[in-house]
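Colleague: Could you have a look at this structure, given as structure tokens, before my questions?
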Protein chains: 2
Amino acid sequence: MKQQIRILGIDDSPFKFKDEKATVVGALVRVPGYLEGLMRTEVTVDGSDSTEKLVEMISRSKYREQIKVVMIDGIALAGFNVIDIESLHKSTRIPAVTVTRDKPDLAKMKSALMKYFADWQQRYEKITRLELVEVRTEHKPVYACGSGVDRTELAQLVRMSTVRGSIPEPIRIAHLVSAAFVRGESYGRS
Amino acid sequence: MKQQIRILGIDDSPFKFKDEKATVVGALVRVPGYLEGLMRTEVTVDGSDSTEKLVEMISRSKYREQIKVVMIDGIALAGFNVIDIESLHKSTRIPAVTVTRDKPDLAKMKSALMKYFADWQQRYEKITRLELVEVRTEHKPVYACGSGVDRTELAQLVRMSTVRGSIPEPIRIAHLVSAAFVRGESYGRS
């Protein structure tokens, strides 16, 4: 894998459950950590439009051709607005991966989905469809899955884009920006 | 000067002249280019509140103690909302510098100020009070002035925070973020 690739890191902003929408930020980073561009969109809190909104944001972006991988903080945005990673990959023709610090508790997730969503099965299926890989970092391990990349590439992508701690820069920067958008100042994980 | 200092880069968002306010972003960067935090405020287009608003934003920030230098893209925000750099330095007790790529055309600035502002003399005085220093970079030179730093430190600060081209990272990143805030996607100078 090329050492100078550009990754679009994606994270959502903090939101309150009474909010209808949450802001989602994409940070285009030349690995390991050089920020080259930013973009944003909005997705519905607990809705089902995250895949569509990400495809739209990426497709209309002037940075589109430079994005070699899309890297998302977890598989859901704005609560349980679950992303269809394979569909995101197919629609944009850009490999898509998710990275999280906490190993997802699938049993807990399933029962929350069953409680609140009539379409819980579709959501749960999107969450569990791809194999979750534990990637060792210099810090704690992270958990990643992806479409359009194999296990080795998944681990490479995480390592080549991590500068400090265990969070890849594209996601760390997207997090700082989305929090500052909404709260006026960034917080946490920096 | 310490090699690992943190600089708060400041830039304003694009605005239209019918807008009452423009967004201003502060990007806390550990030199040369590691983004650690973001904050924002608003200033009045062509108003006189930029110094006050910057002091307020910095004073209330949880990153306050980490900021060793404030580095602003030019001496005015949101049109001709001129910053009093010495007052900013005194109020925050943090050295304040401005950096621009284009050498200011003072005659042109003066005539624009005279045409549109009853208080043009105060604005022009703030612009011209500090000595402008030409700083050589690997690219084109930039023009800087500052309060709380000497000529040598001014040049050091620019060089130690510039990664590519001639724009210091703190300002480049603040620019990307402020543009994405307002336009939905960053543009230019990246």
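Colleague: Straight-line reach from A:LYS18: which lysines fall under 24 Å, measuring Cα to Cα and dropping same-chain residues less than 8 apart?
Modeller: Output for A:LYS18: A:LYS53, A:LYS108, A:LYS110, A:LYS115.
Colleague: Sticking with this one: Let me know the mean shielding of B:58-68 by other chains, meaning the per-residue number of their Cβ atoms within 10 Å of its Cβ.
Modeller: Average neighbour count from other chains, rounded to a whole number: 1.
Colleague: Using a label position 7 Å from Cα in the Cα→Cβ direction, what is the ascending list of nm distances from B:SER59 to the same site in the other copies?
Modeller: From this label point to the equivalent ones elsewhere in the assembly: 5.0 nm.
Colleague: Among the lysines, which have Cα under 18 Å from the Cα of A:LYS68 when same-chain residues fewer than 8 positions away are ignored?
Modeller: In chain and number order, the partners are A:LYS2, A:LYS90.
Colleague: Here's something else I'd like to know. How much of the pair distance distribution for region B:53-190 lies past 19 Å, counting alpha-carbon pairs only, in percent?
Modeller: Of all Cα-Cα distances in region B:53-190, 54 percent exceed 19 Å.
Colleague: Under a 10 Å cutoff between Cα atoms, tell me which one of B:ALA76, B:ALA174, B:ALA118 has the largest fluctuation in the Gaussian network model of chain B.
Modeller: B:ALA118
Colleague: While we're here: Any idea what diffusion coefficient region B:1-100 gets from Stokes-Einstein, in µm²/s, Kirkwood Rh on alpha carbon pairs, 37 °C, 0.692 mPa s?
Modeller: My calculation gives 244 µm²/s for D.
Colleague: Where both partners of a DSSP beta bridge lie in chain B, what percent of those bridges are antiparallel, to the nearest 5?
Modeller: 75 percent
Colleague: Let me ask you something else. Filter the trypsin sites (Lys or Arg not before Pro) in region A:42-113 to those in DSSP coil with at most 12 other Cβ atoms within 10 Å of their Cβ, and list the result.
Modeller: Answer by residue number: A:LYS62, A:ARG93.
Colleague: Do any residues of region A:171-186 show a loss of at least 30 square angstrom of accessible area between the isolated chain and the full protein assembly, using a 1.4 Å probe, and if so which?
Modeller: Relative to the lone chain, where solvent access is computed with a 1.4 Å probe, region A:171-186 loses at least 30 Å² at A:ARG172, A:LEU176, A:VAL177, A:ALA180, A:PHE181, A:GLY184, A:GLU185, A:SER186.
Colleague: Could you state the orientation-averaged shadow area of the convex hull built on the Cα atoms of the protein assembly as shown, in nm² to one decimal? Write down the numbers at each step before the final one.
Modeller: Details: hull surface 78.0 nm².
Over every viewing direction, the Cα hull of the protein assembly as shown projects on average to 19.5 nm².
Colleague: Quick check on region A:1-89: of the DSSP beta bridges with both residues there, what percent are antiparallel, nearest 5%?
Modeller: 85 percent
Colleague: Return the whole-Å distance between the Cα centroid of region A:1-76 and the Cα centroid of region B:20-89.
Modeller: Value for the Cα centre distance between the two parts: 27 Å.
Colleague: Using unit Cβ charges (K, R positive; D, E negative) and no other charged atoms, how large, in debye to the nearest 20, is the dipole of region B:1-143 about its Cα centre?
Modeller: 300 debye
Colleague: Which of B:ASP11, B:ASP49, B:ASP19 moves the most in a Gaussian network model of chain B with Cα springs under 10 Å?
Modeller: For chain B, modelled as a Gaussian network with Cα springs under 10 Å, the answer is B:ASP19.
Colleague: Based on the inverse mean of 1/r over its pairs of different Cα atoms, what is the Kirkwood hydrodynamic radius of region B:23-69, in Å?
Modeller: Numbers: mean 1/r = 0.0872 Å⁻¹.
Hydrodynamic radius (Kirkwood, Cα only) of region B:23-69 equals 11.5 Å.
Colleague: Given B:ILE85, B:PRO104, B:SER161, which one lies farthest toward the positive end of the charge dipole of region B:81-179, if we put +1 on the Cβ of every Lys and Arg and -1 on the Cβ of every Asp and Glu?
Modeller: B:PRO104
Colleague: Going by Cα centres, region B:113-190 and region A:93-111 are how many Å apart?
Modeller: Answer, in whole Å: 42.
Colleague: Accessible area per residue of chain B at 1.4 Å probe, in Å²?
Modeller: About 46 Å² of surface per residue is accessible.
Colleague: Under a Cβ-only charge scheme (Lys and Arg +1, Asp and Glu -1), can you give me the dipole magnitude of region A:122-183 about the Cα centre, in debye to the nearest 20?
Modeller: 260 debye
Colleague: Run through region A:3-51 and list the chymotrypsin sites (Phe, Trp or Tyr not before Pro) located in a DSSP loop whose Cβ has at most 15 other Cβ atoms within 10 Å. It would help to have the intermediate numbers written out before the result.
Modeller: Numbers: sites: A:PHE15, A:PHE17, A:TYR34; in loops: A:PHE15, A:PHE17.
Answer by residue number: A:PHE17.
Colleague: Moving on to the next point. Got a sec? Which residues of region B:22-45 lose 50 Å² or more of accessible surface with every protein chain in place, vs. that chain alone, 1.4 Å probe?
Modeller: In region B:22-45, residues shielded by partner chains: B:TYR34, B:LEU35, B:LEU38, B:ARG40.
Colleague: Let me ask something else. Considering only protein heavy atoms and a probe of 1.4 Å, how much of the accessible area of chain B is carbon and sulfur, as a whole percent?
Modeller: Values: 4140 of 8760 Å².
With neighbouring chains kept in place, the figure for chain B is 47 percent.
Colleague: Under 10 Å, Cα contacts only: if you run a Gaussian network model on chain A, which one of A:SER48, A:SER166, A:SER61 comes out with the highest mean-square fluctuation?
Modeller: Its mean-square fluctuation being the largest, the pick is A:SER61.
Colleague: Any idea what the alpha-carbon Rg over 2.2 N^0.38 Å comes to for region A:114-188?
Modeller: In units of the 2.2 N^0.38 Å rule of thumb, it is 1.38.
Colleague: Something else about it: Under a Cβ-only charge scheme (Lys and Arg +1, Asp and Glu -1), can you give me the dipole magnitude of the protein assembly as shown about the Cα centre, in debye to the nearest 20?
Modeller: Around 600 debye, computed over the protein assembly as shown.
Colleague: What span do the alpha-carbon atoms of region B:80-128 cover on each of the three principal axes, reported in whole Å from largest to smallest?
Modeller: Computed over the Cα atoms, the extents are 34, 26, 13 Å.
Colleague: Do the sum for chain B: with -39,500 (n - 2.57) for every DSSP H run of n ≥ 4, divided by all residues, what is the mean residue ellipticity at 222 nm, to the nearest 500 deg cm²/dmol?
Modeller: That calculation yields -10000 deg cm²/dmol at 222 nm.
The values are calculated or read from the model by the stated rules, or taken from the named source; none is laboratory data. Since we're looking at a predicted model, the values are computed, not measured. A quick note on method: Cβ atoms are made from the backbone with ideal geometry, for glycine too, and the neighbour counts reach across all protein chains shown. Side chains are part of the model used for accessible areas, which takes the heavy atoms of the whole protein and leaves out ligands, DNA and RNA. Shrake-Rupley method; radii C 1.70, N 1.55, O 1.52, S 1.80 Å.
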